[in-house]
Amino acid sequence: MFMQIVVIGGGAAGLLAAGTAARAGHSVTLVERNARMARKVMITGKGRCNVTNRCTVEECVAHVPSGGRFLYSALSAFGPEDTIALLEGLGVPLTTERGIRVFPVSDKAVDIVDALVQYARYGDYRFRHGRAVSLLLEDGVCCGVELESGERLEAYAVIVCTGGLSYPGTGSTGDGYGLARQAGHTIIPTRPSLAPLESEDKWCAALQGLSLKNCALWVQDNHTGKKIYDDFGEMLFTHFGVSGPMVLSASAHMRDMAPGRYTLWIDLKPALLPEQLDARLIRDFRERSNADLDNALGGLLPRSLIPVMVQLCGIAGTRKCRDITREERGVLARLLKAFPVEIHGFRPVEEAIVTAGGVSLKEINAKTMESKLVSGLYFAGEVLDLDAYTGGFNLQIAFSTGYAAGSHV
């Protein structure tokens, strides 16, 4: 039956929902506050766009720390392989890289955006440039939406795909939460996920701009004493603390953030076992026996890190290498293998890659994405209380939930 559907939000979830509903024979009006679609998709993966992860449904669910089970039905109906087939069918060749992460061969996110927009523009499709400010509700049924301009769009169903709070410059300013509350939905408190981390350790600011490559990192929960995450790769010291790929990934595992709750431990020499590192220090100190400690560490550490390391060791930088005791050498070696950064909190949610929290999953039908409270109202994408680790999983959530909503209206 030919019906009018309104999709609010022209991001990854909204474009999938619009195109899928259109292919089911519906007339679709897509409302987007930006003049251009999918602005957040344009900046994902540093402009390369990690569109999905070539894994099984079970593996995908395992990368969603909260709400993974909710996604089984949506991922089973439209999973990573379906995303790959869709995009390649739209003329975008894809390649699989380390961590089975999938990117466009062109390394251009704009190719993904163009393909998604092409998918949405199907059949009786209309675009409205504007902001949705309220739902039209009548006797427990959603029958349309009102725009900021005062225009009222009547519809058989409304799909809310407005995103979260991260990167507000792309249009993600939390509008969907207000619409959901109007319909009586519970909003799980929002927080940053995949975000830089703040530290009050004074040496972080002193190391501002220092990028570490090929180092190892692990996170300790100081309340339980357990290691909750480990990784190998790159990170960056900033004026507020730490950032970079490993840090963003680590942040997603810090579900109960509080000052002092978590410590990052950095292994600056992951290729060396403790005994190998000690042998290296003995050799370096012997070869530079008359040199100051400050000058002897240049082969092991970046120049800016040496004063910090010496200070933490409690050894004067002017000490001659020949005078360094075995115990002092041991302290230095332990710091090289486990350099601590105490975490104070997340950076603001506006600086996060994704938003955790959102519309409560208990109030959403996991198969259709329809509200359990209001008939004809659907939610998809980051507006829901769903967030995943890095690797293409968050975009896959948007695609799967958008497809589920679009195919069931």
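Annotations
- Pairs where the first residue, in segment 371-397, is free of Cβ contacts under 8 Å to residues at least 40 places away in the same chain and on the phi < 0 side of the Ramachandran plot and the second is surrounded by fewer than 24 Cβ atoms within 10 Å (Cβ to Cβ) and acidic (D, E), C-beta under 7 Å, 6+ apart: K372/E363
- Within segment 361-383, no residue satisfies the criterion of being among the polar types (S, T, N, Q), within 15 Å of Q182 (Cβ to Cβ) and not in a strand (DSSP E or B).
- Residues satisfying the stated conditions in segment 100-120, i.e. surrounded by 16 or more Cβ atoms within 10 Å (Cβ to Cβ) and either free of Cβ contacts under 8 Å to residues at least 12 places away in the same chain or assigned to a helix (DSSP H, G or I) (or both): A109, D111, I112, V113, D114, A115, L116, V117, Y119, A120
- Only one entry of F339, F285 meets the criterion of being among the aromatic types (F, W, Y), under 23 Å from D230 (Cα atoms), in contact with a helix residue (DSSP H, G or I) (Cβ under 8 Å, 6 or more places away or on another chain) and modelled with pLDDT of 95 or more, and that entry is F339.
- Scope segment 163-177; condition of a type outside the set (S, T, N, Q), on the phi < 0 side of the Ramachandran plot and part of a loop (DSSP other than H, G, I, E, B); matching residues: G164, L165
- Verdict on F346 being of a type in the set (A, V, I, L, M, F, W, C), touching a residue at least 12 places away in the same chain (Cβ under 8 Å) and in contact with a Pro (Cβ under 6 Å, 6 or more places away or on another chain): yes
- Checking L207 against (1) closer than 30 Å to H26 by Cα; (2) touching a Phe, Trp or Tyr at 6+ places or on another chain (Cβ under 7 Å), the condition it does not meet: (1)
- The single residue among I228, I159 that is touching a residue at least 60 places away in the same chain (Cβ under 8 Å) and outside any loop (DSSP other than H, G, I, E, B) turns out to be I159.
- Scoring S73 on the criteria (1) in a helix (DSSP H, G or I); (2) closer than 21 Å to G47 by Cα; (3) not β-branched (V, I, T) leaves a single failure, condition (2).
- For T390, the conditions (1) over 23 Å from the mean Cα position of the chain (by Cα); (2) surrounded by 21 or more Cβ atoms within 10 Å (Cβ to Cβ); (3) modelled with pLDDT under 95; (4) not basic (K, R) are fulfilled apart from (1).
- Number of the exception - A155 against (1) modelled with pLDDT of 95 or more; (2) under 25 Å from the mean Cα position of the chain (by Cα): (2)
The values are calculated or read from the model by the stated rules, or taken from the named source; none is laboratory data. Keep in mind that what you see is a predicted model, and the values were worked out from it rather than measured. With ideal geometry, Cβ positions are generated from the backbone for all residues, glycine too; neighbour counts draw on all protein chains shown.
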